[in-house]
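Chemist: Take this structure, written in structure tokens, and hold onto it; I'll ask about it next.
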Amino acid sequence: MKLKSFILGASLAALAAGSGWAEGVKVGMITTLSGGGAGLGIDARDGFMLAVGQSGRDDIEVVIEDDQRKPDVAVQLADKMIQSDKVDVLTGIIWSNLAMAVVPGAVAQGKFYLSVNAAPSALAGKGCNPNYFSVAYQNDNLHEAAGAYLTSAGYKKPFILAPNYPAGKDSLTGVKRFYTGELAGEVYTKLGQTDYAAEIAQIRASGADSVFFFLPGGMGISFMKQYADSGVDLPVVGPAFSFDQGILQAVGEAAMGVKNTSQWSKDIDNAANKAFVESFLAEYGRLPSLYAAQGFDTANLMISAMEKADISDADAFRAALKAADFASVRGDFTFASNNHPIQDIYVREVIKEGDVYTNKIVGVALEDRSNAYVDECKM
Amino acid sequence: MTDPVLDVRGISKSFGGLKASDAIDLDLRPGEIHALIGPNGAGKSTLIAQIAGGLAPDSGAVHFAGRDVTALSTAARARLGLARTFQISMLAMEYTVLQNAMLGALGHRGGVFRFVRSVMRDHDLVARAEAALEQVGLQDFRAFRTAELSHGQRRQLEVAVALTLDPKAFVMDEPMAGLGAEGSQQLVGVLDRLRQQAPILLVEHDMDAVFALADRISVLVYGRIIASGTVEDIRNDPEVRRAYLGEEA
Amino acid sequence: MKRETLLNAAILLLLLALPLWASVADEPFLITLTTRAVILAIAGIGLNFALGFGGLVSLGHAAFFGLGGYAMGILAFHAQNYTPMMEWPLLIEGTKSMPVIWLVAIVTGALAALVIGALSLRTAGVYFIMITLAFGQMFYYFAISWPAYGGEDGLSIYVRNSFPGLNTMDPIQFFAVCYAVLLIVLFGTWRAARSPFGLMLGAARQNPDRVQAVGQVPYRLYLTAFTISGAITGLAGALFADLNRFVSPSMLSWQTSGEIMVFVILGGVGRVFGPVAGAALFILLEHTLGGLSEFWHIYLGAILLGVVLFAKGGLYGLIAGREVAHD
Amino acid sequence: MSSLLLIEQALNGLQFGVMLFLIAAGLTLIFGVMGLINLAHGSLYMVGAFAAAGVSALTGSFLLALVASLAAAAMAGVVIEMTVIRRLYDRDHLDQVLATFALILIFSEGTRYLFGSFPLFLDKPEWLSGTVTLPLGIEYSLYRLTLIGVGLALAAGLFWMIARTRVGIRIRAGENDREMIGALGVNISRLYTLVFALGAALAGFAGALVGAIQSVQIGMGEPVLILAFVVIVIGGIGSIKGAFIGAILVGLTDTLGRFLLPQLFALFMNPSEATSVGSSLASMSIYLLMAGVLLFRPKGLFGEA
């Protein structure tokens, strides 16, 4: 990978620190590069590699493999990276079910795992581990923020829906944690469902004053298109996943005006973020997505730890990670005691810039949000 | 006169408006070859299917070996000793000749649901199968794959498989079909000896074979038996000549 | 059929020698990879029992594979959390003992196959293919939406289950266990293929009318074969889950059924050792092609297509000749 | 629960069923005439949707996009028929399953190679947007109503074609006796290519129509394929009439099941659990329907006994 421009941020600090460390870090990245969900993995990878490149360090070696979104393949790759490539750090997994398959085994073998996206509750509470860090969020965070937004915006009767699988259930639980009022309805849809006519008809009949939905990937695209066409024009709220840069163009006009919650947006006003958005656009010719930002931050967190400690000294390296001494594109960023972020979660609105659909921040839903599982984590 | 081994009593079968079997009575007595003839479309195959199983008559009954088998499946009738050969060869083509014969012996003896001991080491079964092959003159072909056999040899093998069932009666559906003069002659010889073992209900188009073998002949036309009797009776029956032989001649 | 025997021996030796070498050369991942091939081979042998010997084209074997996996997952999950599986009407505890888990997996696979088979075998041909596929989907959706055991997230088991006298976390020891199971399953299948049942089942595949005419009922033969097939595949599922220390609904997805079928075809339908060769070849392809390109599925598809169209009989067909030996 | 809502849900089920029919019709036709089981049928659905999205992005015209979906799917159908499928007619079902499984892999990754990994955008045209008010005051999406209309019209056209036209007579002849139509002097291989292309075009067209209100993405064909299998198994393989009845049944069962089952369970469970259990059961409802039908009619509702 060639860098066209060399910019501020963590990279300069990295240069200044020089190459004082004898031993580098070997990173194993397991992510989804083929099949249906490949877009997310590709963005996370590109964000991560952008930061690695910008650091100018030649002591970071990254082994990248495609998990095909299959848990058994991910486990196999993790075994290979640990046993054969002898990596120090694992990262890259997008999906919670794959993370549940890989992370417990990897950290049990003394490896570090830095999550670029997936952060299931099981790994934040009872299953937490000192070597496991979620750089993105805790899975519930964006849903909690949506609940908080429903409350603060004064909605009295939201209709909430999510797919019938663990992440979907966590989602609605998260919403209800910060929205405790009356619900017009609560519906679980089939995972992978593509037609939402039945649910939309229920929404129409329910007397709801707003709609919250969590339908990742193609499900969200289908839902938004059909919703826009249904004549129901209640305000819609959701987590960022269905309104992210990669997917938004496929939703199109139907997404305009939707409020969505995210811990990152390309218009967060700080130097690191500006530099990131510009350099990503220059490098790859497209706007960065949430996943790209998470990948970028993950790499920079790791680099910041490398500057303070040698990977061979696991305790020092762990402490350096936990300090989170890097310039996050999200601004303020610290780790809670269970190694999940404490950060602001924003409310964004979908807008159109020229021909491109994108988001702008319209408010903060939750300030310095940690997560609900801190107390369950004993480590 | 001894009791018939196979006794078909008044069976009828209709498909839509078409009466394929119309109150048919037919029997088969020990030691005889009873030939069933009739023009194409007379309902011979339908009748065979009701006798051997697979098709239930609308009314009437089939008695075999002293019991009513009308409600029994094909497999159950076979276990009682009703051995059938098919118009089109129904053999396991990938198997050797011996293996095909062993299927019959195994099916008849039982003990199919055994999973460990090699079936080829079951000397009892092998001996039964080989005896049947010898009886039809296929003993030298025992190791051949069935697909490699000539048409005539497959016909012989069909008969051999039927033999392994230790049958009380044979029902043979056009065993001569597609055989040349030489093949027919050979098979006629085999069947001729077979009648001592068990009687044969023979459905056949080859009139030379029928006249050479049959003790009795029944003529089926449009689902009805229009005549039944000895070879001489049938040869001289005017109705048969008109309805059937006339056409053929 | 001397060449077939030679090939059998060569494959078994290779599968044994590779991990032994890897163990000496300190390449533990190679052991893991071979273990995977061995386990998938067992799954393939399971399917081959129905598909190759009985001619039952099942596109729903992922159901048995996944059920075996969940048998392991659920038992081990309760054992690791010290919660009983069931308290009423009788107390059932979880377990981490492999032999017990295998037994449960085998019984679960067999029972599921018995029920699915009893319904599906009322049909034949394309109906059978599609019905088994749909039953598989039913299990898949059930597993995804059933919250008790992780739903789509699946179940993680932190430590591999135990086998008396062995340390199963050591790759080579776990490999030895799986290899031994493979040998036992192979031996059993080889005997069954030559048994009275095997002879009659083969006849039912080639010509069901013939089987009826000799007094046997094809349905019973098919159902027995399908049940045995489900039991073997269930066992493979339990081993596979133990290899990954993880089980999830993706084991139940129809792509898994397709892949198991691919092992059988790549190796050679109806050959006792076919699935072993097929699974090994598949793992090799997956590993080498996956390194070539992000779009490696295209190559995999092309190779599969080539095998189906031009190399009927799979690897065994190419090397040992087209004819399947029966004695 | 109002009866109006129930009627609206029934309409939704009908619309879903009609679209399923377009896919299932090709599948069942190809099986009926050529005896081929084609797993790659879902890929043709995807090809149609991607072609439509591509042309729509270039020209902005929805009608052109629909034409493109028909053309592209039919073309893809002709190409795979002539290169691969043709060699499979005389093979057993196992080979057909494997070869078409391989085609799915090639189609999916090939499409990703051409179009990238992100879902594409395809929208319905302005003049089909919004809602109409039906009798009884039901407000219903105009586009969905159009889908029902187009689907029913295509179904009628298909029935007419098979019953009345020369091609239809040949198709029916081919279903009954392959050798006979050869003897009649019909060019069988051309007839087969034509039937395959027709089935492909129908699937591709459905892909484009549905793609406008769903997500146009890699792998969109497989769930639909499995549903189409359920449809033709219920209806009886090879029967167009069966495919139609089966599709409507599946559409209604799925939609109404999703809607009614959670409410049913809510009568005796707490709401949150009821939605969870109810929707779990709903996701299996069509498979239960299928198992039920097969218990009583192993060859489907309209299969030849």
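Chemist: In whole Å, what are the extents of chain B along the principal axes defined by its C-alpha atoms, from largest to smallest?
Modeler: 58, 40, 38
Chemist: Ok, one more. Using unit Cβ charges (K, R positive; D, E negative) and no other charged atoms, how large, in debye to the nearest 20, is the dipole of segment B:1-141 about its Cα centre? Display every interim value, and only then the final one.
Modeler: Numbers: 14 positive and 14 negative charges, 83 e Å.
Approximately 400 debye in magnitude.
Chemist: Whose amide H sits under 5 Å from the amide H of residue A:369, counting only residues 5 or more places off or on another chain, with H placed in the peptide plane?
Modeler: The answer is A:343, A:344, A:345.
Chemist: Taking 25 Å as the cut-off for C-alpha to C-alpha distance, list the pairs among A:274/A:352; A:169/A:274; A:259/A:378; A:26/A:360 that go past it.
Modeler: In this structure, A:169/A:274; A:259/A:378; A:26/A:360 lie more than 25 Å apart at Cα.
Chemist: Answer rounded, prolate or oblate for segment A:256-379, using the Cα gyration tensor with square roots of eigenvalues a ≥ b ≥ c: rounded when a/c is under 1.5, else prolate when a/b is larger than b/c, else oblate.
Modeler: Judged from the Cα gyration tensor, segment A:256-379 comes out oblate (a/c at least 1.5, b/c at or above a/b).
Chemist: Let me ask you something else. Could you please state, rounded to a whole Å, how far the C-alpha centre of segment A:99-153 is from the C-alpha centre of segment C:260-327?
Modeler: Result: 40 Å between the Cα centres.
Chemist: Report, as an integer, the average count of C-beta atoms from other chains found within 10 Å of each Cβ along C:199-208.
Modeler: Taking the mean over all residues of the peptide, I get 6.
Chemist: Could you tally the net charge around residue C:166, taking each other residue with its Cβ under 15 Å from the Cβ of residue C:166, Lys/Arg +1 and Asp/Glu -1?
Modeler: Net charge in that neighbourhood comes out at 0.
Chemist: Which of the lysines could be linked to residue D:299 by a straight reach, that is with a Cα gap under 25 Å, when you skip same-chain ones fewer than 8 residues away?
Modeler: Output for residue D:299: B:13, D:241.
Chemist: Please report the spacing between the Cα centers of segment C:188-245 and segment D:97-151 in Å, no decimals.
Modeler: Each part reduced to its Cα centre gives a spacing of 43 Å.
Chemist: I'd like the Kirkwood hydrodynamic radius of segment A:159-201, using the inverse of the mean 1/r over distinct C-alpha pairs, in Å.
Modeler: On the way: mean 1/r = 0.0908 Å⁻¹.
Result for segment A:159-201 stands at 11.0 Å.
Chemist: How large is ³J(HN,Hα), in whole Hz, for each residue of segment A:259-276 in order, when computed from phi with the Karplus curve 6.51 cos²θ - 1.76 cosθ + 1.60 and θ = phi - 60°, using x for Gly and Pro?
Modeler: Once θ is set to phi - 60°, the couplings for segment A:259-276 become 8, 9, 9, 7, 8, 9, 8, 6, 9, 5, 8, 8, 5, 4, 5, 4, 4, 5 Hz.
Chemist: Right, something else. If pairing requires two Cys Cβ atoms under 4.7 Å apart, which cysteines of the protein assembly as shown are left without a partner?
Modeler: C:178
Chemist: Taking 8 Å as the Cα distance limit and 6 or more residues as the minimum spacing, I'd like the relative contact order of segment C:2-320 as a percentage. Each step should come with its number before you reach the end.
Modeler: Numbers: 547 pairs, mean separation 106.4, N = 319.
In percent, rounded to a whole number, it is 33.
Chemist: Tally the DSSP beta bridges in the protein assembly as shown and give the antiparallel ones as a percent, rounded to 5.
Modeler: Numbers: 45 of 92 bridges.
That works out to approximately 50 percent antiparallel.
Chemist: Given contacts defined as C-alpha pairs under 8 Å and at least six residues apart, what's the relative contact order of segment D:1-152, whole-number percent? The partial results should precede the final answer.
Modeler: Numbers: 124 pairs, mean separation 46.0, N = 152.
The normalised contact order for segment D:1-152 reaches 30 percent.
Chemist: While we're here: Report, ordered by chain and residue number, the lysines lying within cross-link reach of residue C:312, taken as a straight Cα distance under 22 Å and ignoring same-chain residues fewer than 8 apart.
Modeler: The reachable lysines, counting only those whose Cα sits under 22 Å from residue C:312, are C:2.
Chemist: I've got another one for you. Over all directions, the average projected area of the alpha-carbon convex hull for segment A:337-379 comes to how many nm²? The partial results should precede the final answer.
Modeler: Working: hull surface 15.6 nm².
For segment A:337-379, averaging the hull's shadow over all directions gives 3.9 nm².
Chemist: Tell me, what HN-Hα J-couplings in whole Hz come from the Karplus equation 6.51 cos²θ - 1.76 cosθ + 1.60 at θ = phi - 60° for each residue of segment C:20-31, using x for Gly and Pro?
Modeler: Each residue of segment C:20-31 in turn: 5, 4, 4, 5, 6, 7, 6, 10, x, 5, 4, 5 Hz.
Chemist: Dimensions of segment C:2-320 along principal axes (Cα, Å, largest first)?
Modeler: Cα extents, longest axis first: 56, 53, 39 Å.
Chemist: Which of A:284, A:192, A:25 sits closest to the plus end of the dipole of the protein assembly as shown, meaning its Cα is farthest towards the positive end, when Lys and Arg get +1 and Asp and Glu get -1 on the C-beta?
Modeler: After comparing all options, I get A:192.
Chemist: Taking 1 over the mean of 1/r across every pair of different Cα atoms in segment B:90-166, what Kirkwood radius in Å do you get?
Modeler: 12.2
Chemist: Same structure again: Mind checking the dipole of the protein assembly as shown: about its Cα centre, +1 per Lys or Arg Cβ, -1 per Asp or Glu Cβ, Debye to the nearest 20?
Modeler: Dipole about the Cα centre, nearest 20: 1780 debye.
Chemist: Now a separate question. Just name one of A:139, A:212, A:76: the one whose Cα is farthest towards the positive end of the charge dipole of chain A (beta-carbon charges, Lys/Arg +1, Asp/Glu -1).
Modeler: Most positive-ward Cα: A:212.
Chemist: Another question, then. Work from the charge dipole of segment B:113-249 (Cβ charges, +1 for Lys and Arg, -1 for Asp and Glu, about the Cα centre) and give the residue of B:190, B:131, B:230 farthest towards its positive end.
Modeler: Of B:190, B:131, B:230, it is B:131.
Chemist: Right, something else. Residue A:62's amide H: which non-local residues (gap 5+, or another chain) put their own amide H closer than 5 Å, with H modeled 1.01 Å from N in plane and none for Pro or chain starts?
Modeler: A:27
Chemist: Placing unit charges on C-beta atoms (Lys and Arg positive, Asp and Glu negative, everything else neutral), compute the dipole magnitude of chain A about its Cα centre in debye, rounded to 20.
Modeler: 440
Chemist: Which of the GluC sites (Glu not before Pro) found in segment C:81-152 are loop residues per DSSP with 13 or fewer other Cβ atoms within 10 Å of their Cβ?
Modeler: Passing sites in segment C:81-152 are C:87, C:93.
Chemist: May I pose another question? Find the centroid of the Cα atoms in segment C:115-144 and in segment A:300-324, then give the distance between the two in whole Å.
Modeler: 52
Chemist: State the Kirkwood hydrodynamic radius of the protein assembly as shown in Å, one decimal place, computed from all pairs of distinct Cα atoms.
Modeler: Every distinct Cα pair counted, the radius reaches 33.5 Å.
Chemist: I want the antiparallel fraction of DSSP beta bridges within chain B, as a percent rounded to 5.
Modeler: If we restrict to bridges inside chain B, about 55 percent are antiparallel.
Chemist: Considering amide H positions built from the backbone, and no H for Pro or chain starts, which residues 5 or more places from residue B:221, or on another chain, come under 5 Å of its amide H?
Modeler: B:226
Every read-out reported here was derived from the displayed coordinates using simple, explicitly stated rules and does not represent laboratory data. These numbers were taken from a predicted model, which means no experiment stands behind them. Methodologically, a virtual Cβ is constructed for each residue, glycine included, from the backbone with ideal geometry; neighbour enumeration extends over all protein chains shown.
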